[in-house]
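Visitor: Starting off with a structure, shown below.
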Amino acid sequence: MAGRVLRFPHRAVSPEEVESSADRVLSVPLGERAARAAELRLEEPDVLLAVCTRLRDRLDRSPATVREEAEFAYRFLLLPNRAIGLFDEREYFLGEFALVAGTACRQLSRRDEARLWFDRAEAGFRHTMNAVADLSRLAYQRLALRLEERELEAVLELVPSLVQSFQKLSMPEEGLKAQFLEGLALLENERLGESADVFHRICAEAESLGSEKLMASAYGNLTHLYAMQGDSAQAIEASRRAIPILKRLEDRVALAKVQWGLATLLRETGQLPAAVEAYRAAQQEFGRIGMRADVAALHLVVADLLLELGEEPAAAQLVLEALPVLQELNMIPEGMAALQLLRESLREQKVNRPALRELHGFFEEIRS
């Protein structure tokens with residue numbers, strides 16, 4: 001929780017206390033937790049801070065579980081009007097748990113839910129004395145959502161101001177995270193050289209800050225970028241830098257995305273059967289952590305490869321499985337012509353390949 005100075009009556013939470021307090025709370029089933037609130041000290045700021053810290057650490061391991069946990073904590077604090085701490089701690093934690101829930105929803109592509117949680121986070125943070133830092137972190141998540149909805153020009157326009165805000169607040173890691181949005185927007189705009197420059201700069205700055213997580217994530221994005229260009233040497237080198245750190249940190253989301261990037265490299269270098277297997281391995285990992293949109297998007301990519309391999313019935317089945325999920329999650333823009341063409345071809349038990357390629361291309365870069 002960079003930039004946050006909680007006005008608790010005593011000291012900050014040590015790593016050991018985070019472990020014990022958070023584990024004690026999170027080991028109790030959600031259905032029993034409220035009844036055991038006094039025993040678990042759920043109204044004490046130190047305990048809430050420990051739980052919040054633990055949930056943030058788990059966002060990239062199990063976003064679906066984190067969403068449920070953060071929602072419980074938010075609703076526990078919301079009703080009845082619980083007195084937490086001496087100052088604005090209740091409002092802060094309402095904002096913080098809402099922000100965690102919204103971030104998890106964004107990772108899970110539950111965008112309407114994410115927007116609502118971000119509104120709830122703003123409602124909490126607005127009443128705190130540290131509002132500028134907290135609202136800046138919220139602004140980052142909202143801008144990440146706009147990136148995923150392909151408001152690319154807005155992202156490129158707004159990122160510099162957000163980075164500047166984090167710099168003024170002495171939050172350098174948050175500023176680097178904002179620069180990821182710039183790199184991804186440039187990638188989606190096919191400005192690959194500029195995108196690579198951004199991610200290499202992030203790698204260098206993250207290393208100087210000692211932030212292995214951000215450095216590894218940037219190398220993960222470089223893996224995907226170079227894979228799209230068919231640059232085997234650069235893609236493999238970037239993945240070699242990313243994977244050991246991500247495994248050690250148990251960042252399952254980023255690891256699955258690196259696997260996606262390596263599968264793309266196999267595809268771009270003509271190794272189609274191996275690419276199919278690599279994409280399926282990435283799908284399995286996304287499935288294990290509840291990221292249904294990524295599983296469905298990769299169905300479309302694999303379907304395209306199966307068409308190349310002459311397996312049209314299997315390709316059609318994958319498309320039929322993917323489209324309902326993508327539509328349920330509002331992942332496909334209304335009126336997208338490729339979707340209609342693809343539907344019409346499926347009714348004739350065929351697959352319109354140009355439409356399929358347009359549709360899966362819509363997802364591929366932005367999910368990296």
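Visitor: Loop only per DSSP, at most 12 neighbouring Cβ atoms within 10 Å: give me the GluC sites (Glu not before Pro) in segment 277-368, ordered by residue number.
Guide: Details: sites: GLU277, GLU285, GLU308, GLU311, GLU321, GLU328, GLU334, GLU344, GLU348, GLU358, GLU364, GLU365; in loops: GLU311, GLU334, GLU348, GLU365.
For GluC sites (Glu not before Pro) across segment 277-368 that sit outside H, G, I, E and B with at most 12 neighbouring Cβ atoms in 10 Å, the list reads GLU334, GLU348.
Visitor: Quick one: putting +1 on the C-beta of Lys and Arg, -1 on the C-beta of Asp and Glu, what dipole do you get for segment 150-283 around its Cα centre, in Debye to the nearest 20? Don't jump to the answer; show the numbers that get you there.
Guide: Values: 14 positive and 19 negative charges, 102 e Å.
Charge dipole of segment 150-283: 500 debye, to the nearest 20.
Visitor: Taking all pairs of distinct Cα atoms, average 1/r, flip it, and tell me the Kirkwood hydrodynamic radius of segment 95-136 in Å to one decimal place. Walk me through the intermediate numbers first.
Guide: Numbers: mean 1/r = 0.1000 Å⁻¹.
For segment 95-136, inverting the mean 1/r across all distinct Cα pairs yields 10.0 Å.
Visitor: What is the gain in length, in nm to one decimal, between GLN164 and LEU309 on full extension, counting 0.36 nm per residue of separation less the C-alpha to C-alpha distance? Intermediate results must be reported in sequence, preceding the final value.
Guide: Values: separation 145, 0.36 × 145 = 52.20 nm, distance 4.93 nm.
Difference between extended and current length: 47.3 nm.
Visitor: Share of Cα-Cα pairs in segment 26-157 beyond 22 Å, in percent? Could you put the intermediate results ahead of the total?
Guide: Details: 3054 of 8646 pairs.
Taking all Cα-Cα pairs of segment 26-157, the fraction more than 22 Å apart is 35 percent.
Visitor: Same structure, new question: Have a look at LEU266, PHE72, ALA121 and report the one farthest towards the positive end of the charge dipole of the chain, computed about the Cα centre with Cβ charges (Lys/Arg +1, Asp/Glu -1).
Guide: The one lying farthest along the dipole's positive direction is PHE72.
Visitor: In terms of Cα to Cα distance under 28 Å, which lysines are near enough to LYS177, apart from those fewer than 8 places away along the same chain?
Guide: The reachable lysines, counting only those whose Cα sits under 28 Å from LYS177, are LYS168, LYS213, LYS247, LYS257.
Visitor: Kirkwood Rh, segment 150-283, all Cα pairs: how many Å? Provide the component values of the computation, followed by the final result.
Guide: On the way: mean 1/r = 0.0660 Å⁻¹.
About 15.1 Å for segment 150-283.
Visitor: Please compute one quarter of the surface area of the Cα convex hull for the chain and express it in square nanometres. All intermediate terms of the calculation are to be shown ahead of the outcome.
Guide: Numbers: hull surface 74.8 nm².
Computing the convex hull of the Cα atoms and averaging its projections yields 18.7 nm².
Visitor: Still on this structure, please answer the following. Which of ASP112, ASP57 has the fewest other C-beta atoms within 10 Å, and how do the rest follow up to the most?
Guide: Arranged by neighbour count, lowest to highest, ASP112, ASP57 become ASP112, ASP57.
Visitor: Let me ask another. Near VAL276, within a Cβ-to-Cβ distance under 12 Å, what is the net charge of the other residues, with Lys and Arg +1 and Asp and Glu -1?
Guide: Working: positive: ARG267, ARG280; negative: GLU277, ASP304, GLU308, GLU311.
It works out to a net charge of -2.
Visitor: May I ask for the net charge around GLU69, where only other residues with Cβ less than 14 Å from the Cβ of GLU69 are counted and Lys, Arg are +1 while Asp, Glu are -1? Don't jump to the answer; show the numbers that get you there.
Guide: Numbers: positive: ARG24, ARG33, ARG54, ARG56, ARG58, ARG61, ARG67, ARG75; negative: ASP23, GLU32, ASP57, GLU68, GLU71, GLU96.
Spelling it out: positives minus negatives among the neighbours equals +2.
Visitor: OK, next. Local charge sum around PRO324 (other residues, Cβ-Cβ under 14 Å, Lys/Arg +1, Asp/Glu -1)?
Guide: Working: positive: ARG292, ARG343; negative: GLU321, GLU328.
The answer is 0.
Visitor: Would you work out if segment 230-364 is rounded, prolate or oblate? Take a ≥ b ≥ c from the square roots of the eigenvalues of the alpha-carbon gyration tensor; rounded if a/c is under 1.5, else prolate when a/b is larger than b/c, oblate otherwise. Numbers along the way, then the final one.
Guide: On the way: a/c = 2.25, a/b = 1.58, b/c = 1.42.
Note, shape of segment 230-364 comes out prolate.
Quick note: the coordinates plus some simple rules give every number you see, no bench work behind them. Remember, predicted model here, so these are calculated numbers, not experimental data. All Cβ positions, even for glycine, are placed from backbone atoms using ideal geometry, and neighbour counts span all protein chains on display.
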